[in-house]
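Reviewing the structure listed below.
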Amino acid sequence: MAIGSDTGGSIRIPAAYCGLVGLKPTFGRVSLFGVFPLAWSLDHLGPITRTVTDAAVSLAAIAGVDARDPRTYDDPLPNLQTAAAVSRLEERIGVVRSFGTGEVLAEPPVIRARNAAVQTLADAGVELEWIDRPELGQLRILSAAISHLEAAAVHAPTAGQGWSQFGEFLRLRLIGCSAYPSWAYLAAQRLARHARASLQRVLDARRLHLLAVPTTPSVAPPLSQWSPHASWLTAPFNVLGWPALSVPAGQDDGGLPIGLQLVARPWREDLVIAAARIVEQKAEIGS
């Protein structure tokens, strides 16, 4: 296993691109002590592994309260190995069709893989409800604003004397932060709070226990190229702080891996692990 740091998707995106399992736990589940921050309120640590069971075992090993990190929270960890052994799951999953913006959620091969994976869950007893959630589109935008402003605050004390030592990507990102007015951070956090509450009300009203959405809009780009939309489907869940797991869900016509992202309420890593294991089992049979 490997430990990944995830501010907008950097556990789940590489896992999806490489046919691996990537688990971003609930914010506060794993200590961030000793990790140089990118954005204090969005950073998460979690495992990248070959299998869902490995992810469950790894999370159990690294989770817990750390007195050196006040962000950690003492919430009992569910039995993750039991969750990884589940073959049927009687839960309700909201399958996200769109973020309510009119944009296509993902490329056709990714959508086909998503559909096949959620059908596997339906065959295992899960009840599906197809939903459109504009809150996720709002959270995606707010994630960019919050991460830029927090990153600027982290680097402000040393940016002057260390400017020449920064890479071009970071320099451009920090310059972009100056475009935000002084009140933007407060506004972004308030809007994020409203979007979180709205989404929570919808899930409660519809009795949805999980969300399913592609991990990335497309498969991995060629080496040395960067996809500007890679984090569009992952970043909202960093703002929420909810547990999210990417599990392999198939391949495109060229054989490149595709990931399905499963998201649960805070502290319910057992649900994303149980659902991911069902998808994984189907993939193992198919291979």
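When only residues in segment 107-141 that are of a type in the set (A, V, I, L, M) and not in a helix (DSSP H, G or I) count, which is farthest from residue 236 (Cα to Cα)?
124
Just to verify a result, which residue in segment 132-189, among those that are among the basic types (Lys, Arg) and crowded, with 18+ Cβ neighbours inside 10 Å, is farthest from residue 230 (Cα to Cα)?
Filtering first and then ranking leaves 133.
Within segment 66-77, can one find any residue that is within 17 Å of the chain's Cα centre (by Cα) and not small (Gly, Ala, Ser)?
No: zero hits.
Within segment 168-175, identify whether any single residue is modelled with pLDDT of 80 or more, over 24 Å from residue 141 (Cβ atoms) and not hydroxyl-bearing (Ser, Thr, Tyr), and answer yes or no.
There is at least one residue in segment 168-175 that is modelled with pLDDT of 80 or more, over 24 Å from residue 141 (Cβ atoms) and not hydroxyl-bearing (Ser, Thr, Tyr).
Which one is modelled with the lowest pLDDT, of the residues in segment 105-117 that are under 27 Å from residue 195 (Cβ atoms) and buried (at least 17 other Cβ atoms within 10 Å of the Cβ)?
Among those residues, the one meeting the criterion is 105.
Given the conditions (1) in contact (Cβ under 8 Å) with a residue 60 or more places away in the chain; (2) touching a helix residue (DSSP H, G or I) at 6+ places or on another chain (Cβ under 9 Å); (3) more than 19 Å from residue 20 (Cα to Cα), report the number of the one that residue 216 does not fulfil.
Condition not satisfied by residue 216: (3).
Pick from 206, 201: which is loosely packed, with under 15 Cβ neighbours inside 10 Å, under 30 Å from residue 115 (Cβ atoms) and touching a strand residue (DSSP E or B) at 6+ places or on another chain (Cβ under 7 Å)?
Answer to the selection: 206.
Residue-by-condition table, conditions (1) modelled with pLDDT of 95 or more; (2) part of a helix (DSSP H, G or I); (3) of a type outside the set (Val, Ile, Thr):
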{"residue": "9", "(1), (2), (3)": "yes, no, yes"}
{"residue": "26", "(1), (2), (3)": "yes, no, no"}
{"residue": "46", "(1), (2), (3)": "yes, no, yes"}
{"residue": "73", "(1), (2), (3)": "no, no, yes"}
{"residue": "103", "(1), (2), (3)": "no, no, yes"}
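Does segment 89-99 contain at least one residue that is surrounded by 16 or more Cβ atoms within 10 Å (Cβ to Cβ) and more than 19 Å from the chain's Cα centre (by Cα)?
Looking for residues that are surrounded by 16 or more Cβ atoms within 10 Å (Cβ to Cβ) and more than 19 Å from the chain's Cα centre (by Cα), one finds at least one in segment 89-99, hence yes.
Among the candidates 127, 168, 150, 107, which residue alone is of a type in the set (Asp, Glu) and closer than 22 Å to residue 264 by Cβ?
127
Of all the residues that make up segment 114-129, how many are out of contact with any strand residue (DSSP E or B) (no Cβ under 8 Å at 6 or more places or on another chain) and not hydrophobic (A, V, I, L, M, F, W, C)?
Of the residues in that region, 5 qualify.
The values are calculated or read from the model by the stated rules, or taken from the named source; none is laboratory data. It should be emphasised that the depicted structure is a prediction, and the values quoted were computed from it without experimental measurement. Heads up, the Cβs are rebuilt from the backbone with ideal geometry, glycines too, and the neighbour counts pull from every protein chain shown.
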